[in-house]
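The values are calculated or read from the model by the stated rules, or taken from the named source; none is laboratory data. Model, not experiment: these values are computed from the prediction. Counting neighbours? That spans all protein chains shown, and the Cβs are built from the backbone with ideal geometry, glycine included. What goes into the accessible areas is simple: the full protein's heavy atoms, side chains included, and nothing from ligands, DNA or RNA. Shrake-Rupley method; radii C 1.70, N 1.55, O 1.52, S 1.80 Å.
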Amino acid sequence: GKAVSIANERHLTERQKALAEHQEARAWLHERQLTDTTIQHFRLGLYNGRNVKNALSFPLFSHDGLARGRYLNSRIPGVTTGVDEDKPEEKRRKDWATGSAATYWVTPSEGRQDLLIVEGARDGWRMWQEVQGSELEGQLAIITSTHGSAIPNDWKQPTFFADWERVYLGQDADDTGDKLAQQVRELTHREALRLRPPEGYKDWTDWLNSGASRSDLVSLLEAAPILDEPLVEAATPHASNAPGYYAAEA
């Protein structure tokens with residue numbers, strides 16, 4: 001699609017300053033064990049619009065590691081107001097962004113051999129933070145979709161997954177995550193590994209914040225099983241002289 005311009009530095013700075021001055025918002029990020037270094041690296045800030053107040057705001061990062069002029073937003077419980085407030089808490093949006101789904105590059109792609117797909121930017125930030133200073137930092141490219149379970153168009157291109165040595169499908173450990181991992185598996189047209197958060201944990205943030213170590217993550221990567229390609233169901237047989245689709249003999 002059309003290239004997205006570089007982010008406006010003044011806008012980024014204003015949003016970062018708003019976050020720096022909001023103690024409750026920063027405390028929420030720290031409770032999720034995100035460090036100030038991580039908060040600064042991903043240019044996290046607060047957005048205040050006509051109908052929304054104090055929404056966590058962050059720019060889209062492209063494959064070259066540059067912040068682009070497209071922002072994503074996330075609701076901070078007890079801080080953000082104006083987002084679906086007429087709905088019960090459990091039905092309010094957690095994340096939202098304008099436009100169609102795109103790839104959010106948590107890390108740049110250059111120089112990295114393996115690709116890890118996670119479900120959501122927040123898991124991406126926590127995973128990025130965990131691999132800093134290790135061999136994985138220069139080996140593992142981490143991406144997610146800007147729209148949760150919506151698959152970006154570039155993931156549907158045959159070349160997107162072709163050149164990685166390993167592709168890890170690291171979606172959440174629930175029915176939605178398993179279904180999404182299978183959908184992406186069908187697009188890869190290659191061997192893909194299912195990196196599922198361990199039993200008892202829904203996502204990577206929960207697991208890492210429970211006290212899991214970097215060596216635990218390495219062990220999971222090494223043991224990740226191949227996600228088998230789904231079997232193709234045979235078509236319904238037709239009368240021998242009727243036009244239509246026919247199931248091939250094994």
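Odds and ends about this structure:
- In the range 72-150, counting only strands (runs of 3 or more DSSP E) that sit wholly within it, the ones holding 3 or more residues that are farther than 13 Å from GLY170 by Cβ and in contact with a strand residue (DSSP E or B) (Cβ under 6 Å, 6 or more places away or on another chain) span 95-97, 103-105.
- Candidate set: the range 71-99, residues that are under 18 Å from the mean Cα position of the chain (by Cα) and among the charged types (D, E, K, R); chosen: the one surrounded by the most Cβ atoms within 10 Å (Cβ to Cβ): ARG75
- Of the criteria (1) more than 20 Å from ARG194 (Cα to Cα); (2) open to solvent by less than 40 Å² (accessible area, probe 1.4 Å); (3) not hydrophobic (A, V, I, L, M, F, W, C), which one GLY124 fails: (1)
- Scanning the range 146-168 for residues that are polar (S, T, N, Q) and closer than 17 Å to ARG196 by Cα yields a single hit, SER149.
- Among residues of the range 1-21 that are in a strand (DSSP E or B), those with a beta-carbon under 8 Å from a residue that is not polar (S, T, N, Q) at least six positions away or on a different chain give the pairs ILE6/LEU66; ILE6/ALA67; ILE6/ARG68; ILE6/GLY69.
- Residues that are surrounded by 18 or more Cβ atoms within 10 Å (Cβ to Cβ) and either more than 18 Å from the chain's Cα centre (by Cα) or among the hydroxyl-bearing types (Ser, Thr, Tyr) (or both) within the range 197-211 comprise just one, THR205.
- Condition check for GLU119: touching a helix residue (DSSP H, G or I) at 6+ places or on another chain (Cβ under 9 Å), charged (D, E, K, R), over 30 Å from ARG10 (Cβ atoms) and crowded, with 21+ Cβ neighbours inside 10 Å: yes
- Count of the range 75-93 residues which are closer than 22 Å to ARG43 by Cα and in contact with a helix residue (DSSP H, G or I) (Cβ under 9 Å, 6 or more places away or on another chain): 5
- Within the range 100-133, the set of residues being under 10 Å from the mean Cα position of the chain (by Cα) and aromatic (Phe, Trp, Tyr) comprises TYR104, TRP105, TRP125.
- For LEU66, the requirement of being within 19 Å of the chain's Cα centre (by Cα) and either open to solvent by 30 Å² or more (accessible area, probe 1.4 Å) or free of Cβ contacts under 8 Å to residues at least 40 places away in the same chain (or both) is met.
- The range 27-54, subset assigned to a strand (DSSP E or B) and not charged (D, E, K, R), residue most open to solvent (accessible area, probe 1.4 Å): TYR47
- Verdict on LEU136 being aliphatic (A, V, I, L, M), open to solvent by less than 20 Å² (accessible area, probe 1.4 Å), more than 15 Å from the chain's Cα centre (by Cα) and at pLDDT 95 or above: yes
- Residue match in the range 161-180 (condition: in a strand (DSSP E or B), open to solvent by less than 20 Å² (accessible area, probe 1.4 Å) and within 16 Å of TRP125 (Cα to Cα)): yes
- Residue within the range 222-245 that is modelled with pLDDT of 95 or more, part of a helix (DSSP H, G or I) and surrounded by 12 or more Cβ atoms within 10 Å (Cβ to Cβ) present: no
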